[in-house]
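Each value in this text was obtained by applying a stated rule to the coordinates, not by laboratory testing. Predicted, not measured: the structure shown is a model, and the values here were computed from it. Backbone-built Cβ (ideal geometry, glycine too); neighbour counts: all protein chains shown.
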Amino acid sequence: MKLKPDDHAAWNNRGIALYKSGSYEDAIASYDKALQFKPDYHEAWHNRGNALADLGRYEDAIASYDKALQFKLDDHEAWYNRGNALADLGRYEDAIASYDKALQYKPNEPLYLKWRDKALDKLNNSSK
């Protein structure tokens, strides 16, 4: 970055481009740079969580989603993605709670309902 190296949005956008190309580690580094300049930038925290989840680093992803939600509690996509990471860890009750929060902010979203139902099925099947 030669122009305005402290431009948090530019670093986030660079991260998005790297993420889309499958360069997740480089994307995370760009999101981290954005957060260095604007620590409360919820989009960068959310995007960072997505890249971490795609690397299978679910606990780290959840921590990033939690930071995004600290700055924008009604980010229904962060709640949904947090739920997915929790489900990937087999933490179905926590996943369902996250999906419920996503649905609180975006009621009747078919994708959220679908994954909530899947988590509920897995929870019910694991307790039998």
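Under the Karplus relation 6.51 cos²θ - 1.76 cosθ + 1.60, θ = phi - 60°, what is the ordered set of whole-Hz ³J(HN,Hα) values for the stretch 90-98, x standing for Gly and Pro?
x, 9, 5, 4, 5, 4, 4, 4, 5
Using a 10 Å cut-off around each Cβ, can you sort 23, 30, 126 from fewest to most neighbouring Cβ atoms?
On the way: 23 15, 30 25, 126 9.
Ascending number of Cβ neighbours within 10 Å: 126, 23, 30.
Could you please state, rounded to a whole Å, how far the C-alpha centre of the stretch 8-54 is from the C-alpha centre of the stretch 80-111?
22 Å
Could you state the angle between the C-alpha long axis of helix 8-20 and the longest principal axis of the C-alpha atoms of the chain, as a value from 0 to 90 degrees rounded to the nearest 10?
Value to nearest ten degrees: 60.
May I ask which of 67/101; 38/67; 72/101; 67/114 have a Cα-Cα span longer than 21 Å here?
Check vs 21 Å cut-off fails for 67/114.
How high is the relative contact order of the chain, given as a whole-number percent (alpha carbon pairs under 8 Å, six or more residues apart)?
In percent, rounded to a whole number, it is 15.
Quick one: compute the contact order of the stretch 1-72, relative version, from alpha carbon pairs under 8 angstrom and 6+ residues apart, as a percent. Walk me through the numbers on the way to the answer.
Details: 92 pairs, mean separation 19.1, N = 72.
Contact order relative to length: 27 percent.
Can you classify the stretch 73-128 as rounded, prolate or oblate using the Cα gyration tensor, where a ≥ b ≥ c are the square roots of its eigenvalues, rounded means a/c under 1.5, and otherwise it's prolate if a/b beats b/c and oblate if not? Spell out each step's value before the answer.
Numbers: a/c = 2.51, a/b = 1.70, b/c = 1.47.
Taking the square roots of the gyration eigenvalues as a ≥ b ≥ c, the stretch 73-128 is prolate.
Equivalent ellipsoid semi-axes for the chain, as square roots of 5 times the alpha carbon gyration tensor eigenvalues: give them largest first, rounded to whole Å.
30, 15, 11
I need to check one value: relative contact order of the stretch 49-90, counting alpha carbon pairs closer than 8 Å and at least 6 residues apart, in percent.
Once normalised by length, the contact order is 39 percent.
Assign one of three labels to the stretch 1-72, namely rounded, prolate or oblate, based on the Cα gyration tensor with a ≥ b ≥ c the square roots of its eigenvalues; rounded applies when a/c is under 1.5, prolate when it is not and a/b is larger than b/c, and oblate otherwise.
Note, shape of the stretch 1-72 comes out oblate.
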